[in-house]
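The block underneath contains the structure these notes are about, expressed in structure tokens.
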Amino acid sequence: MSALSVFRRARRLVCLAALSSGFIWRAPALAALPPAAEEAASPPAAPVEVRELWTGSLYTSSFRVGMCVSAQGAARGVLHLRLANGQVDVYHFNGSVKDNAVAASHSSGHTFRGRLSAPDRVEGTINLKNGMKIKLEGKRIQDVPLAPEDCAPLPE
């Protein structure tokens, strides 16, 4: 429930208490909108997502992952993999987070299974579509700005 909805419900209760006590005499002029009308009149709340940045290295490459997670645990994001030659490969993924367990997949068939091991750490295994498994660990930074449209890490 949004703070605005809580405020409106509290205001409605105060008005009803004042009416029933006789403090307010002209009730029709002060009547509040019914709950459905009030909520329909207010703009819908934007979905809230936790935004994180994961960073680390993998062999001779470094990675930056922007991750957005909804309250229901749906995850989406973008991985920037900077190769030794400076080239950056970009992977968009979808997944889920539940009880600190993370699962994500890329449309190519690569998957990630891991866990949020501490407030500032993530660890897991990337399973490439060819069967190769790569363990990785990364630093986890919470509440960071990311690109709003796809949760990509912002330029360094």
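The values are calculated or read from the model by the stated rules, or taken from the named source; none is laboratory data. Since the model is a prediction, treat every value here as computed from it, not as a measurement. Using ideal geometry, Cβ is built from the backbone for each residue, glycine included, and neighbour counts are taken over all protein chains shown. Heads up: the accessible areas ignore ligands, DNA and RNA and are worked out on the full protein's heavy atoms, side chains in. Shrake-Rupley method; radii C 1.70, N 1.55, O 1.52, S 1.80 Å.
At a glance:
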quantity: The stretch 59-89, residues that are surrounded by fewer than 16 Cβ atoms within 10 Å (Cβ to Cβ) and within 20 Å of ASN130 (Cβ to Cβ); calculated: TYR59, THR60, SER61, LEU81, LEU83, ASP89
quantity: Some residue of the stretch 131-140 being open to solvent by 50 Å² or more (accessible area, probe 1.4 Å), in contact (Cβ under 8 Å) with a residue 12 or more places away in the chain and farther than 15 Å from THR55 by Cβ; calculated: yes
quantity: Residues being part of a loop (DSSP other than H, G, I, E, B) and either among the acidic types (Asp, Glu) or closer than 18 Å to LYS133 by Cβ (or both) - total across the stretch 93-120; calculated: 5
quantity: Qualifying positions in the stretch 67-92 - part of a loop (DSSP other than H, G, I, E, B) and either touching a helix residue (DSSP H, G or I) at 6+ places or on another chain (Cβ under 8 Å) or closer than 17 Å to VAL122 by Cβ (or both); calculated: GLY73
quantity: Unique match (being modelled with pLDDT of 95 or more, open to solvent by 100 Å² or more (accessible area, probe 1.4 Å) and closer than 14 Å to MET67 by Cβ) among ARG115, ARG121; calculated: ARG115
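Conditions (1) of a type in the set (Ser, Thr, Tyr); (2) on the phi > 0 side of the Ramachandran plot; (3) touching a strand residue (DSSP E or B) at 6+ places or on another chain (Cβ under 7 Å), marked per residue:
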residue	(1), (2), (3)
HIS80	no, no, yes
SER107	yes, no, no
ASN127	no, no, yes
GLY131	no, yes, no
GLN142	no, no, yes
LEU146	no, no, yes
